[in-house]
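All remarks here apply to the structure that follows.
The values are calculated or read from the model by the stated rules, or taken from the named source; none is laboratory data. This one's a predicted model, so the numbers in the text were calculated from it and none came from an experiment. No Cβ is skipped: glycine too gets one built from the backbone with ideal geometry, and neighbour counts run over all protein chains shown. To get the accessible areas, we keep the full protein, side chains included, count just its heavy atoms, and leave off ligands, DNA and RNA. Shrake-Rupley method; radii C 1.70, N 1.55, O 1.52, S 1.80 Å.
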Amino acid sequence: MSDCSSDGEVEFSPCIDVSSLPEVVQNRVKALKNLQLETVKAECDYYKEVHQLDVKYQKLYDQINKRRENILSGGYEPSGAEIEWKNKEEEQNGDATEAITNGIGKLKVLDMDENTKGIPKFWMYALKNANDECLMGMVEVHDEPVLEHLTDITVHLNEQQNNGFTLKFHFTENPYMSNTVLTKEYTLREDPDPESPLEYDGPEIISCKGCPIDWKAGKDVTKTTVKVKKLKPKKGKTPEKELTKEVRADSFFNFFNPPEHTGGKEEEMSDEDRGTLAMDFDVGFAIKEKLVPRAVLYFTGEAFDEEDEDFEDLDTEEEEEDSDDMD
């Protein structure tokens, strides 16, 4: 059951008032909650063991991703079996020449040719393609020239406890900022919240910390200048002047300057900051779990092809069921 609040939001109301049940039944409900707490403790131990596997395999992922970075930078040229991969277009059409020709045409659009070293702007294009699904639309057009200098994104897990991870964004020397690495640290609560232990649903992000960006003069994409008003000149004085002020601009790089949050005082935050942090947590987790391990699929756009196929399969199944019903 549910009721509407004064602001129009639907508030959930349980269909059973436990306090109205006989005392003996209420005691059984309490016993079930204690059993639920045992389940939570077991689940907590499970996630701790999973974390040890994550740490083990993250080292393997790091080795593979280092090889990826070496190809992207042009430090290594793959050959032989390494470049044997049959595209879907080739499988469907059986025409490898056409697929290769189309590929070369796309490379020219991206200012690449057969003499290009590595894959320039790889991460910028991967981020652009992942912008809506992973990044909540944070990447703006004015961010792209800066992101062209992004060479890698790496993940570091806290090893002893599952209490956090760090994302590192690596840049080449560029005209926009002095930093070569930007970091974003996330803190996790690996155990149940003491105030509401039965709500435990695995480790959760409770806070994050960015890093200062040393923007070069006039290159800060997180700020923009807006006109406030015009000052009319006095007789015989200087010409008309415009008053301007610097304001915060929408930018992916605001990701490195999140609202302050101690992990235990969310109720003291404004609604805007609370919403920003919730989005920030989702973006950080998506970069870690989706973008970094599947970067090439976001670069090519194939990350979305698989989702489209899943929807197509569902549509086909529904159509077949409808057809059976009509028969």
Report summary line: Residues of the range 274-306 being closer than 18 Å to Phe165 by Cα, in a helix (DSSP H, G or I) and open to solvent by less than 60 Å² (accessible area, probe 1.4 Å), in sequence order, are Leu277, Ala278, Asp280, Phe281, Val283, Gly284, Ala286, Ile287, Lys288, Leu291
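Only residues that are of a type in the set (A, V, I, L, M, F, W, C) and farther than 21 Å from Ala303 by Cα: list them for the range 110-137, please. Show your work before the answer.
First pass over the range 110-137, keeping only residues of a type in the set (A, V, I, L, M, F, W, C): 110, 112, 119, 122-124, 126-127, 130, 134-136.
Within the range 110-137, Met112 is the sole residue that qualifies.
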Query raised in the report: Across the range 95-149, which residue is modelled with the lowest pLDDT among those that are farther than 17 Å from Asn254 by Cβ, of a type in the set (A, V, I, L, M, F, W, C) and open to solvent by 80 Å² or more (accessible area, probe 1.4 Å)?
Result: Ile100
Report summary line: Picked from the range 150-164 (must be among the polar types (S, T, N, Q) and more than 18 Å from the chain's Cα centre (by Cα)), the residue surrounded by the fewest Cβ atoms within 10 Å (Cβ to Cβ) is Gln160
**Report entry** Selected residue (only one of Leu37, Leu72 is hydrophobic (A, V, I, L, M, F, W, C), in a helix (DSSP H, G or I), modelled with pLDDT of 80 or more and under 30 Å from Gln161 (Cα atoms))
**Finding:** Leu37
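Please work out if Phe169 is touching a strand residue (DSSP E or B) at 6+ places or on another chain (Cβ under 7 Å), in a strand (DSSP E or B), without any contact (Cβ under 8 Å) to a residue 60 or more places away in the chain and within 30 Å of Arg68 (Cα to Cα).
Against the criterion (touching a strand residue (DSSP E or B) at 6+ places or on another chain (Cβ under 7 Å), in a strand (DSSP E or B), without any contact (Cβ under 8 Å) to a residue 60 or more places away in the chain and within 30 Å of Arg68 (Cα to Cα)), Phe169 qualifies.
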Report summary line: Out of (1) at pLDDT 85 or above; (2) surrounded by 12 or more Cβ atoms within 10 Å (Cβ to Cβ), the one Val247 does not meet is (2)
Query raised in the report: Looking at the range 177-200, which of its residues are open to solvent by 50 Å² or more (accessible area, probe 1.4 Å) and of a type outside the set (Lys, Arg)?
Result: Ser178, Thr180, Val181, Glu185, Thr187, Asp191, Pro194, Glu195, Leu198, Glu199
Requested in this report: Take the range 52-69 and flag every residue that is open to solvent by less than 70 Å² (accessible area, probe 1.4 Å) and over 18 Å from Leu291 (Cα atoms).
Outcome: Val55
Report summary line: Log entry, pairs with first residue in the range 188-214 being part of a loop (DSSP other than H, G, I, E, B), second being among the β-branched types (Val, Ile, Thr), beta carbons closer than 7 Å, six or more apart or on different chains, reads Pro192/Val40; Tyr200/Val40; Cys211/Thr183
